[in-house]
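Just below is one structure, and these are the notes that go with it.
The values are calculated or read from the model by the stated rules, or taken from the named source; none is laboratory data. Note that this is a predicted model, so its numbers are computed, not measured. All Cβ positions, glycine included, derive from the backbone under ideal geometry; neighbour counts span all protein chains shown. Heavy atoms of the whole protein, side chains included, go into the accessibility calculation; ligands, DNA and RNA do not. Shrake-Rupley method; radii C 1.70, N 1.55, O 1.52, S 1.80 Å.
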Amino acid sequence: MADDKLEMIELTESQKKARRSRSIAIGLALGALVVIFYVATFIKFAHSMPNGSM
Amino acid sequence: MALVEETRIEDAAFRMSEATAGDYFALLKPRVMSLVVFTAFVGLVAAPVSINPMLAVVAILAIAIGAGASGALNMWYDADIDAVMTRTATRPIPSGRVAPGEALVFGLVLSALSVMTLGVLVNWLSAALLAFTIFFYAVVYTMWLKRWTPQNIVIGGAAGAIPPVIGWAAVTGNVSLESVILFLIIFLWTPPHFWALALFKSQDYERAGIPMMPNVAGEASTRRQIFAYAVILAPVGVLPWVLGYTSVGYGAVATLLGAGFLWYSWKVLVMPQDDRAMRPAKALFGYSLLYLFGIFAAYLADCVVERVLAIGGA
């Protein structure tokens, strides 16, 4: 039965290496984005609050 | 009997990407991006008010990513002509390392991300200017002007000239004459810079069907126009000192750099017709990079010295 077939793509070594490189870059970029938004949000909150409240 | 049968797919249409993170980084045109970052940073430092250092880093990063995104969109659209030009044939798309669709999505996502980040975390005027820059470079220049008119890099040069205005707007929330002069310096620098390149790469542009000035108006006309722009650029470079925005130190450096630009442009103007090596054009191309870096470095140094003196005198 055709529905039972699991179609698979066999990655070559260079494809695996490239995918790993892309995954690391995406991970680092997303991590940096989170840090930037957290820190920038704290700075903006600190600026918008009255003196002494933070 | 296995519950699930495996089928190996050999079809090229299902081929997985071999693009590395470095290939995607190359789509951002890092060398152009470095110039954008530097000029935007000068605009940011030159602003009369200060900004939180972390927000300054965010602003520069967003401007850099936005510029890179427009570079990726440019490479996506121009993949056909990049493939036939020696200078660009090894770029990620024509060399087959990145699929055109991947570059398009990459450029669009980074464009949206950079504009939204700048708007949410810094201010919406700078974000609007960044969005306009990306649109102007990717759509107005790349998709329209580049293949249509020899004035392509004259008008399209506006996109590369805006970063110091964005840097200024990120700090002040407005656009002033001082930042517009920084825009003008890059805007007037762009035609002689690219036409010097187009002179010694005219066969490349001819093969790709790009109507650069030497291919359309001829080499003699291009050389005259390069000199004309140099005559206008040299005094505009000194304008920040004339208008009192900088010290005499900047004025002296800008005058010397402008004189050098005029000298190299003059050498191109009087270049013999049969000089196919075109050393004067290559020399001008190299010097123009030094000129722009020098002018903005002098402006930056002037601003820093002024701040230090102001702190010392306080």
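Of B:GLY244, B:GLY237, B:GLY251, B:GLY258, all but one fail to be open to solvent by less than 50 Å² (accessible area, probe 1.4 Å) and more than 27 Å from B:TYR141 (Cβ to Cβ); the exception is B:GLY251.
When the residues of segment B:98-116 are filtered to those that are over 21 Å from the mean Cα position of the chain (by Cα) and β-branched (Val, Ile, Thr), the one that is surrounded by the most Cβ atoms within 10 Å (Cβ to Cβ) is B:VAL98. Applying the selection to segment B:195-223, what residues are open to solvent by 20 Å² or more (accessible area, probe 1.4 Å) and of a type in the set (Ser, Thr, Tyr)? Selection gives B:SER202, B:SER221.
When the residues of segment B:82-97 are filtered to those that are without any contact (Cβ under 8 Å) to a residue 12 or more places away in the chain and under 13 Å from B:TYR205 (Cα atoms), the one that is most open to solvent (accessible area, probe 1.4 Å) is B:ALA83. A Cβ distance below 8 Å, combined with a sequence gap of six or more or placement on separate chains, defines the contacts here; from segment B:153-176, residues that are closer than 15 Å to B:ALA59 by Cα reach residues that are of a type in the set (Gly, Ala, Ser) and open to solvent by 20 Å² or more (accessible area, probe 1.4 Å) in the pairs B:PRO163/B:ALA67; B:TRP168/B:SER176; B:VAL171/B:SER50.
The set of residues in segment B:98-127 being in a helix (DSSP H, G or I), out of contact with any Gly (no Cβ under 7 Å at 6 or more places or on another chain), among the small types (Gly, Ala, Ser) and in contact (Cβ under 8 Å) with a residue 12 or more places away in the chain consists of B:ALA103, B:GLY107, B:SER126.
For segment B:261-278, filtered to residues that are touching a helix residue (DSSP H, G or I) at 6+ places or on another chain (Cβ under 7 Å) and open to solvent by less than 40 Å² (accessible area, probe 1.4 Å), the residue that is nearest to B:ILE186 (Cα to Cα) is B:PHE261.
Quick check on segment B:210-232. Is at least one of its residues within 26 Å of B:VAL42 (Cα to Cα) and over 21 Å from the mean Cα position of the chain (by Cα)? The answer is yes, given that some residue of segment B:210-232 is within 26 Å of B:VAL42 (Cα to Cα) and over 21 Å from the mean Cα position of the chain (by Cα). So which pairs qualify, if the first residue must be in segment A:26-42 and of a type in the set (A, V, I, L, M), the second must be loosely packed, with under 12 Cβ neighbours inside 10 Å, the Cβ gap must be under 7 Å, and the two must be at least 6 apart or on different chains? Pairs that qualify, where the first residue is of a type in the set (A, V, I, L, M) and the partner is loosely packed, with under 12 Cβ neighbours inside 10 Å: there are none.
Listed here are the residues, each with its yes/no results for (1) out of contact with any helix residue (DSSP H, G or I) (no Cβ under 8 Å at 6 or more places or on another chain); (2) of a type outside the set (S, T, N, Q).
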position	(1), (2)
B:ILE93	no, yes
B:GLY96	yes, yes
B:GLY101	yes, yes
B:GLY107	no, yes
B:ALA112	yes, yes
B:LYS146	no, yes
B:ILE162	no, yes
B:SER176	no, no
B:SER179	no, no
